[in-house]
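What follows draws every value from the coordinates through simple rules; no lab data is involved. All figures in this text were calculated on a predicted structure; none of them were measured in a lab. Methodologically, a virtual Cβ is constructed for each residue, glycine included, from the backbone with ideal geometry; neighbour enumeration extends over all protein chains shown.
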C-alpha cells in the first residue's frame, strides 16, 4: 500500500509537469473505454466509467457472441458479433448496467456508470 | 470414373464398418457393439440425426464446413438401408444469414430425405424464429405461432421437436418456457404409454455441464410430462460430441457436429472449438442413425464419424 501511494505520488508529480498534455489524455480516457471477449468471458467483467463514455465491445473469440442488456426491455442489443466484430454503446446516465451474451447466457458482465 | 466411384463407395463402407458403433438400450443399460455385429440395418424403421452444421463457420479447425456437411450427407445416402426420415437438431447456420440457410438447405436436400428441423441458438440471431420457420419449418403445424416447436407421427413413433433456444435469460441455461410446456402436455395427453416417443431439441435436455450452459432450465418439467411412457429417446446437439445417459425409461443422446468438435465438459477454459490436426478432424465429426426395434420398442443408436 505504501509503495503504491509513493508510485502514485511520482506519477502525479510527473503529470503535473506535463500540464496540458495530461488534461488531453484524461478527457480522452473518460470518453472511451473497451471490453474484450476472450474464451467466453467479458474482460473486464465489471467496467467503471464516467457518464457519457462510449464503450466498445470486441469479440476476440472464434465463436459469435452478442452484447445484450439485461434490462426489460433491453436498453441495447448488439447484432451477432463474429470474430473481431465490435459493438459500441454510449452510457449517458449513471447507474449499473448488467449485460450478457444471448447465445451463451452464462457469459455476464456489467458497466457501472458514475 | 466408374472404378473411382466404386472404390469411393467401398472406402465409405469400410469407414462405416470400421468406425461405427451401435448403441442398443436394453433393460436400461446401453451397450456398445461394432456395427458389423449389429442387426440395426435389417430392421423395419430407421431414421438419422444430423446436427450443428454451422454453415458460415470458417476458422481453425475447419475451413470447409459445407464440405464436411456434404461428407456427412454422403455417408447417410450410402447407408445400405435408406432411412425413413432425418432429424436436424439445430445450429444449421452459424450467424442466421439467409445465404447460410441456402447453402445448408441445398446440401441437405441432396439426400432427398424427409427432414425435420429444430433451431439452435445460432439460427435465431436475426428476427427471432421467423426466418428459420420460413426456411426449415414451412408447412409445419406449429405448437404455438412462431414457437418453432411441433410434433408428428411416423411408423408408430411420436416425434416431438422442441425449441429451447429462444429468449434465453442472463445466467440461465436453455429454456422451453410455459407456453411450450403447456402445448407439450396437450400434445401427449391421451396417447398410449406404449407408443415410443422421440424428443429432439438443440440444447441437451439434461444438465451436461451448467458452467458452460449445457443444459435446459425447465427440462425436468418436460420429462415429467413424458414419464408415463415406456420408451422415451431424447436426441440433442449443441455440445458437438457424443454423450449418452439412461435415466429410468429415458435414453438421452447428443450427436456429433458436422462442423467442429468441442471439448469434453470442463476440460478446457471455454467451450470454444477444439483445435485438432487436419488429419484428425473427420474422426471427431459425424452423424447418427437410429433404429426402432419393433419387438421391444427400444431404439438402437449408431454414431458414425466422417472418417
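In segment A:58-74, which residues have a backbone nitrogen under 18 Å from the label point lying 7 Å from residue A:32's Cα in the Cα-to-Cβ direction?
A:58-60
Considering every pair of different Cα atoms, what Kirkwood radius, in Å, is found for segment B:52-103?
Details: mean 1/r = 0.0830 Å⁻¹.
Kirkwood radius, segment B:52-103: 12.0 Å.
Could you work out the relative contact order of segment B:223-307, using alpha carbon pairs under 8 angstrom and six or more residues apart, expressed as a whole percent? Intermediate values should be presented prior to the final figure.
Working: 145 pairs, mean separation 19.3, N = 85.
About 23 percent, as a whole number.
Please compute the average number of Cβ atoms from other chains found within 10 Å of each residue's Cβ in peptide A:57-64.
Numbers: counts 0, 0, 0, 0, 4, 9, 11, 8.
If you average over the peptide's residues, the count of other-chain Cβ atoms is 4.
From the Cα trace of segment A:46-114, what convex hull volume per residue do you get, rounded to a whole Å³?
On the way: hull volume 5.4 nm³, N = 69.
So the per-residue hull volume is 78 Å³.
Neighbour counts of other C-beta atoms within 10 Å: give me B:260, A:42 arranged from fewest to most. Can you show the working numbers first?
On the way: B:260 25, A:42 22.
Ordered by Cβ neighbours within 10 Å, fewest first: A:42, B:260.
Which whole number gives the average count of other chain Cβ atoms within 10 Å of the Cβ atoms across peptide A:76-87?
Numbers: counts 0, 0, 0, 4, 8, 1, 6, 2, 0, 0, 0, 0.
Per residue, the number of nearby Cβ atoms from other chains is 2 on average.
Report the per residue volume, in Å³, of the convex hull enclosing the C-alpha atoms of segment B:196-307.
Working: hull volume 10.3 nm³, N = 112.
Dividing the Cα hull volume of segment B:196-307 by its residues yields 92 Å³.
Within a 10 angstrom radius of the beta carbon, how do A:102, B:99 rank from fewest other beta carbons to most? Don't skip to the end; give the middle numbers.
Working: A:102 24, B:99 11.
Least crowded to most crowded, the residues run B:99, A:102.
In nanometres, what is the gap between the two model label sites at residue B:144 and residue A:77, each 7 Å from Cα along Cα-to-Cβ?
1.6
Using a 7 Å offset from the Cα along the Cα-to-Cβ direction at both residue A:112 and residue B:228, what is the distance between the two label points in nm, to one decimal?
That separation, rounded to one decimal, is 5.4 nm.
With Rg and the Kirkwood Rh both taken from Cα atoms, where does Rg over Rh land for segment B:62-147?
Working: Rg = 13.3 Å, Rh = 13.7 Å.
We get a ratio of 0.98 for segment B:62-147.
Efficiency by 1/(1 + (r/R0)^6): what FRET value for residue B:58 and residue A:50, r their Cβ-Cβ distance, R0 = 56 Å, to the nearest 0.05?
Values: r = 39 Å, r/R0 = 0.70.
The calculated FRET efficiency here is 0.90.
What average number of partner chain Cβ atoms lie no more than 10 Å from the Cβ of the residues making up A:98-106?
6
Counting each pair of different Cα atoms once, what's the Kirkwood radius of segment B:160-218 in Å, rounded to one decimal? Walk me through the intermediate numbers first.
Working: mean 1/r = 0.0800 Å⁻¹.
Answer for segment B:160-218: a Kirkwood hydrodynamic radius of 12.5 Å.
Quickly work out the residue B:178-to-residue B:78 label distance, labels modelled 7 Å from Cα along the C-beta direction, and quote it in nm with one decimal.
Each label point lies 7 Å from its Cα, and together they span 5.2 nm.
Evaluate the relative contact order of segment B:163-307 (contact order divided by residue number), counting alpha-carbon pairs under 8 angstrom at least 6 apart; express in whole percent.
Details: 273 pairs, mean separation 25.4, N = 145.
Relative contact order here is 18 percent.
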